[in-house]
1. Considering only 48, 31, 162, whose Cα is most displaced toward the positive end of the charge dipole of the range 8-202, charges sitting on Cβ of Lys, Arg (+1) and Asp, Glu (-1)?
2. Starting from one equal scatterer on each C-alpha and no solvent at all, send me the Debye-based log10 I(q)/I(0) for the chain at q = 0.13 Å⁻¹, two decimals.
3. With a 10 Å cut-off between alpha carbons and a GNM built on the chain, which of 112, 172, 51 moves the most?
4. Which net charge results when you count Lys and Arg as +1 and Asp and Glu as -1 among the other residues whose beta-carbon is under 11 Å from that of residue 81?
5. Provide the net charge surrounding residue 190, with neighbours chosen by a C-beta distance below 14 Å and charges set as Lys +1, Arg +1, Asp -1, Glu -1.
6. Placing +1 at every Lys and Arg Cβ and -1 at every Asp and Glu Cβ, with all other atoms neutral, what dipole size does the chain have around its Cα centre, in debye to the nearest 20?
7. To the nearest µm²/s, what D does Stokes-Einstein give for the range 144-203 at 4 °C and 1.567 mPa s, using the Kirkwood radius over alpha carbon pairs as Rh?
8. Could you report the range 1-124's accessible area per residue, 1.4 Å probe, as an integer in Å²?
Amino acid sequence: MNLPVKTFRLAILISGRGSNMSALIDAAQSGKIPQAEVALVISDQPSAAGLQEANKCAIETLVIERRGRAREEHDKEIVAALRERQIDLVCLAGYMRILSRAFIAAYRGRILNIHPSLLPSFTGLDAQRQALKHGVKVAGCTVHLVDENLDGGPIIGQRVVPVREDDTVETLSARILEQEHKLYPEAVATVLARTQITQAANS
Ligand code: GRF
């Protein structure tokens with residue numbers, strides 16, 4: 001008997017440009033992430049350029065601003081929006097806020113982040129600048145599961161780029177970003193394939 005194949009509902013959280021968000025939307029819409037649908041984009045910034053892009057793709061968008069509230073309150077509203085829409089997987093894509101423990105617990109094992117370094121090196125802000133400062137010869141990007149440690153959850157995938165002698169933060173960031181756009185859809189597909197297998201085994 002063939003088991004029904006589930007379509008996973010993805011939400012993407014952004015704060016700005018949204019180029020990784022666009023890469024995920026393109027990949028889901030073109031079948032490169034099988035069984036995935038980007039169902040929601042949430043931004044904490046009303047001016048995030050990515051919101052317009054998501055609208056162009058006819059994806060529901062929400063702006064949930066922090067508005068001086070505590071992290072827990074803000075995250076509570078986001079988790080409620082995710083649950084209301086039966087979101088299966090949350091992808092952080094340039095989302096510039098640290099998640100509360102309650103948010104992580106509500107979606108444990110189902111929140112991914114992309115970071116522009118080869119973790120565990122260079123966590124936090126300005127990863128590309130940190131890499132240049134240390135004189136590393138290779139850099140790259142990482143997709144990992146989000147847990148309570150900053151940029152510290154289990155790694156799903158990485159891509160490596162060379163660092164050139166004359167690199168600036170801008171040139172290195174651009175080289176890494178090109179790889180981010182390939183890595184993130186691959187990593188989402190990997191996670192969903194595992195989930196599909198686990199669900200089939202448990203049904
Ligand atoms: C990317 O470099 C990502 O790795 C980091 O923030 C940047 C977001 O870029 N977390 P974009 O908004 O996806 O274009």
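1. Selected residue: 31.
2. -0.71
3. In the Gaussian network model the winner is 172.
4. -1
5. So the environment of residue 190 carries a net charge of +4.
6. Around 300 debye, computed over the chain.
7. 94
8. 49
The values are calculated or read from the model by the stated rules, or taken from the named source; none is laboratory data. What you see is a predicted model, and the numbers here were worked out from it, not measured in a lab. Because the Cβ atoms are built from the backbone with ideal geometry, glycine has one as well, and the counts that use them run over all protein chains shown. Note: areas computed on protein heavy atoms with side chains; ligands, DNA, RNA excluded. Shrake-Rupley method; radii C 1.70, N 1.55, O 1.52, S 1.80 Å.
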